[in-house]
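J.: Structure in structure tokens, see below.
Each reported figure results from applying straightforward, stated rules to the coordinates on display, with no laboratory input. Values in this document were obtained by computation on a predicted structure and should not be read as measured data. Glycine also receives a Cβ, built like all others from the backbone with ideal geometry; neighbour counts cover every protein chain displayed.
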Amino acid sequence: MPGSLQAWYSLRDLEALADRETVLSGEVELAELNRLSPLVHVDEGRRVAMLLSFSRTPEARVLMGLSFQVTVSLVCQRCLDAVEYPLDETVEWLVAESELPAASVSNQLELLELGNDRLRPADLLEDELIVSLPLVPRHASIDACGTLAQNLKRVLSTQDS
Ligand SMILES: [Zn+2]
């Protein structure tokens, strides 16, 4: 079965993907991500590119890596204009049925306990997108900001003198 990012996978399915060192890639429309879309300005057709790869660690555990790239449009908290914010992240997990001894999970890895649950790659992607959004989005410098912040800067500098 060629994998789908919208399908549900059990631990057994993921183990089979890891044995075949499968790489799933595709694009998901931001508008389809219901938990993320209220947090960003969603233009029609804006997509996030994702790559999900599976392999086995030397201890035969399932290693899953997720990479994604998208530029989201957020509201700058300084000038309230739109600010384009590129997200480009890679996260890796050890997927296991239950908790593993801490020593077997290295620092760079997160543990994903699946148990009898199933995993949908598009949901995982959405979780990671949400946590990678900046808490206070802003233009890189005040000079890149819109007129509101520029005017405020001018007013404040006049008061100083
Ligand atoms: Zn701004």
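J.: Based on the Cβ-Cβ distance from Ser73 to Leu152, what FRET efficiency comes out when R0 is 35 Å, to the nearest 0.05? Show your work: numbers first, answer last.
T.: Values: r = 22 Å, r/R0 = 0.64.
Computed FRET efficiency for Ser73 and Leu152: 0.95.
J.: Taking the chain as a Gaussian network, where each spring joins two C-alpha atoms under 10 Å apart, which residue of Ser141, Ser53, Ser37 fluctuates the most?
T.: Result for the chain, Cα springs under 10 Å: Ser141 fluctuates most.
J.: Follow-up. Given points 7 Å out from each Cα along the Cα-Cβ axis, report the Thr57 to Glu99 separation in nanometres with one decimal.
T.: 1.7
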